[in-house]
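Presented below is the structure to which this report refers.
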Amino acid sequence: MNKFIKSLVMTTAASSMLLAGSALAADQKIGVVNFQEVMGKIPQTAVVMQKLEAEFKDEKAVLAQLEKDIKYFQEKKQRDASVMSKKEKDKLDQSIATKFQEYQAKGKEFQQRTGVRQNEETTKIIALVRQAIDNIAAKDKFDLILEQKAVVFSKPKLSITNDVIEKVSKLK
């Protein structure tokens, strides 16, 4: 009988806590933002991409030329192999190998540099987006704003994505 009373008291206490937790959660204002959509729709992202494209245009052209050179040498070898001497074939193979090594080295450096610059610029944009989210949260008195990826389900009325896009689009 004693165990029955204890389990009844524990069940009652647990139920009370769940109800109290639900009541507290009902008083909170929660918003959801789709960060990817924001990043895809704000004009700052397009400006940064154009800026980076212009910044790395020359290096990209060098890589494209190396690609063309490698392809040309490979086609020449395939086309003229039957009339070439062993020495000419070896020289051509050496040229292809040298160009390929140069292409790999420059390509790796290019990827690293563009990655670093893209991260730098993206960090600046993210700061603007976070600033907009903070302003919207303060103005509209949100208690919690979640990233859309972290939410399994939310009603569309909880989304502040369009508000964030609008606010960030006005920032420079």
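The values are calculated or read from the model by the stated rules, or taken from the named source; none is laboratory data. As the structure is a prediction and not an experimental result, all values here were calculated from the model. No Cβ is skipped: glycine too gets one built from the backbone with ideal geometry, and neighbour counts run over all protein chains shown.
Could you identify the single residue in 97, 138, 81 that is within 27 Å of the chain's Cα centre (by Cα) and part of a helix (DSSP H, G or I)?
Exactly one of 97, 138, 81 is within 27 Å of the chain's Cα centre (by Cα) and part of a helix (DSSP H, G or I), namely 138.
Need pairs with beta-carbon distance below 7 Å; first residue under 15 Å from residue 170 (Cβ atoms) and within the range 40-51, second part of a helix (DSSP H, G or I) and not hydrophobic (A, V, I, L, M, F, W, C); sequence gap 6+ or separate chains.
Listed by first residue and then by second, the contacts come to 42/169; 43/169.
Out of 68, 155, 57, which single residue is more than 22 Å from residue 44 (Cα to Cα), surrounded by fewer than 16 Cβ atoms within 10 Å (Cβ to Cβ), at pLDDT 95 or above and not small (Gly, Ala, Ser)?
Going through 68, 155, 57 in turn, the sole match is 68.
So, in the range 150-172, how many residues would count as being of a type in the set (A, V, I, L, M, F, W, C) and more than 13 Å from residue 37 (Cα to Cα)?
Qualifying residue count, the range 150-172: 6.
Out of the residues in the range 41-77 meeting the condition of being touching a Phe, Trp or Tyr at 6+ places or on another chain (Cβ under 8 Å) and of a type in the set (A, V, I, L, M), tell me which one is nearest to residue 118 (Cα to Cα).
63
Before we move on, is residue 40 touching a Leu at 6+ places or on another chain (Cβ under 7 Å), within 30 Å of residue 162 (Cβ to Cβ) and at pLDDT 90 or above?
The answer is no for residue 40.
Filter the range 99-139 down to the residues that are within 27 Å of residue 64 (Cβ to Cβ), surrounded by 13 or more Cβ atoms within 10 Å (Cβ to Cβ) and not aromatic (Phe, Trp, Tyr) and list them by number.
Hits for the range 99-139 are 99, 102, 106, 107, 113, 114, 117, 118, 121, 122.
State whether the residues of the range 90-107 include one that is within 30 Å of residue 44 (Cβ to Cβ) and not hydroxyl-bearing (Ser, Thr, Tyr).
Yes: one or more hits.
What single numbered condition from (1) buried (at least 16 other Cβ atoms within 10 Å of the Cβ); (2) over 22 Å from residue 39 (Cα atoms); (3) not aromatic (Phe, Trp, Tyr) fails to hold for residue 81?
(1)
Starting from residues that are charged (D, E, K, R) and without any contact (Cβ under 8 Å) to a residue 24 or more places away in the chain, keep the ones in the range 125-165 and report whichever is farthest from residue 48 (Cα to Cα).
155
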